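A short reminder: the numbers here are calculations on the coordinates, not readings from a lab. Keep in mind it's a predicted model, so treat the numbers as computed, not measured. Ideal geometry is used to build each Cβ from the backbone, glycine not excepted, and the neighbour counts take in all protein chains shown.
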Amino acid sequence: MDLNIKVNEKNHLDIGGADACDIAEEFGTPTYVIDENRIRDNYNRFYSAFSKYYPDFRVFYACKANTNLAVMKILESEGCSIDAVSPGEVYTARKVGFGSDRILFTGNNITNDELKFVHDEGVVLNIDSVSALKRLSEVVDPEGLKISLRVNPMVGAGHHDHCITGGVMSKFGIMDSEASEVYQMAKDLGFNPIGMHSHIGSGILDPEPFKLAIESTMDIAGKVHQDTGIDFEFVDFGGGIGIPYTPEEKIVDLDEFAKVNIELFKEKIDEYDMSSPAMFLEPGRYLVGDASTLLVTVNSVKQSYRKFIGVDAGFNTLLRPAMYDSYHHIVDASKMGDENTQKVDIAGNVCESGDLFARDRLMPDVEEGDILAILNAGAYGFTMSSNYNSRPLSSEVLVTDGECNLVREKQSFEDLFNNQIIPDHLK
Ligand SMILES: Cc1ncc(COP(=O)(O)O)c(C=O)c1O
């Protein structure tokens, strides 16, 4: 099993040296519990796997996965950079302390005001369309401005159709066949195009699509280099590396992954006679996915036509199961040693039938008051949560060597009305 589950002497789940049941008691549920050391380990494992074979390598954390300030601060302190997909993420990264040279912006369908905001922050933009390129040249001075373009490498993969970002159905990037023309256009507008970007999808455990994407992106970069004379400072292959969510899934052999892909990268540099560009990757899930656990309390056990274990969180708290039909491993943190004796459905508290964390899940004899731990909830967990059903957003707790700190307070009911205005005639 690659799920990295630890149990303490009380037969409770251990998270980063702290007892999950104690955390639930102290901070309440639902709460996301973030293991600081796990994030640091994930980053260092990732960075060293690639930099060992290619020192001119940088990691841009795709912060859409988890924008908690503490999470971003941890990665900032490790030397990581940021991939931001919205002006809000750029703003957040700057607030955390990332210098503008440590942020890359990869937006899509962005407005002129947003283009200008990101530019004024001193951040390099990955431009996703001819429209955005032309509009950028109108709202800022393009003369000598460093930019990068996102291309569609015509390779796509992902754990769900919604997460595939390359290929003919994808809204992202500039068509491979038009790349040289658009890079030439960028030059003619006065820009200084220094980078190429691609990203094929998310939640990918199979190394094959990455190889194809590196090959294809480098073929596009090589052709652009030959057609336009641009010598790229960097090629950015995006993120997408998956993590195991089920006990059967295997972690990616990162060393082998890095070795194979960097060999390919170097071969292509030679084939197209490019000066060696830096290699950038943008992992999100890999860095933070397995570093958070969502703790919930069982508040009702119902035997209907099926057995339902009801908990105090729903798809407003963790959307992935409802949105992507994603599997999250769930354990009873209060009785880790107990044998699984029954198949149950684990249901949330949102008023929708689709609000289920698991169907037919093998569990021990779960009782009301037990603390369930929904594992691997660190990526696209809190960031996709909402106030649906007027439920306040949950708290977040950071565990560092067994010590717990609240890093986000649970919202209050009053917070639900933030920014709402009742017009005078309704008062
Ligand atoms: C442009 C871009 N880069 C990186 C990522 C990170 O993906 P992941 O969390 O799967 O590594 C995403 C997510 O879809 C993305 O859109």
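Structure values in brief
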| item | result |
| --- | --- |
| Proxy reagent accessibility, fewest Cβ within 10 Å first, across HIS159, HIS425, HIS199 | HIS425, HIS159, HIS199 |
| For segment 276-286, Karplus couplings with θ = phi - 60° (6.51, -1.76, 1.60), whole Hz, Gly/Pro x | 5, x, 5, 9, 10, 10, 10, x, x, 3, 4 |
| Nearest-20 debye value, segment 36-288 charge dipole, Cβ charges on Lys, Arg, Asp, Glu | 720 debye |
| DSSP-defined beta bridges in the chain - what % are antiparallel, rounded to 5 | 45 percent |
| Whole-Hz ³J(HN,Hα) from phi, Karplus 6.51 cos²θ - 1.76 cosθ + 1.60, for segment 201-214, glycine and proline x | x, 9, x, 9, 9, 7, x, 4, x, 5, 4, 4, 5, 5 |
| Sum of side-chain charges, ARG58 neighbourhood, beta-carbon under 10 Å (Lys, Arg +1; Asp, Glu -1) | -2 |
| Greater than 21 Å apart at Cα, pairs in LYS302/LYS410; LYS134/LYS266; LYS52/LYS259; LYS10/LYS343; LYS73/LYS95 | LYS302/LYS410; LYS134/LYS266; LYS10/LYS343 |
| Positive minus negative residues near ASP236 (Lys, Arg vs Asp, Glu; Cβ under 10 Å) | 0 |
| Tilt relative to the chain, helix 254-271 - C-alpha long axis, 0 to 90 degrees, to 10 | 10 degrees |
| 3J(HN,Hα) from dihedral phi, segment 154-159, Karplus parametrisation 6.51/-1.76/1.60, rounded to Hz, x for glycine, proline | 6, 10, x, 7, x, 6 |
| Cα-derived Rg to Rh of the chain, Kirkwood definition | 1.01 |
| Degrees, to the nearest 10: 179-188 long Cα axis against longest axis of the chain | 70 degrees |
| Within the chain, helix-based [θ] at 222 nm, where runs of 4 or more DSSP H residues each add -39,500 (n - 2.57), nearest 500 | -8500 deg cm²/dmol |
| Net lengthening on full extension, GLU271/GLU178 (0.36 nm per residue, minus Cα-Cα) | 31.4 nm |
| Around ASP35: net Lys/Arg minus Asp/Glu count, Cβ-Cβ under 11 Å | -2 |
| Estimated FRET transfer efficiency (SER353, ASP161; beta-carbon r; R0 25 Å; 0.05) | 0.70 |
| Amide H partners (placed H, <5 Å) of ILE127, local residues excluded | SER148, LEU149, ARG150 |
| Among LEU69, LEU393, LEU104: highest mean-square fluctuation, GNM of the chain, C-alpha pairs under 10 Å | LEU69 |
| Potential extension, LEU69-ASP141 segment - 0.36 nm per residue separation minus Cα distance | 22.7 nm |
| Span from the segment 326-372 Cα centroid across to the segment 90-135 one, whole angstrom | 42 Å |
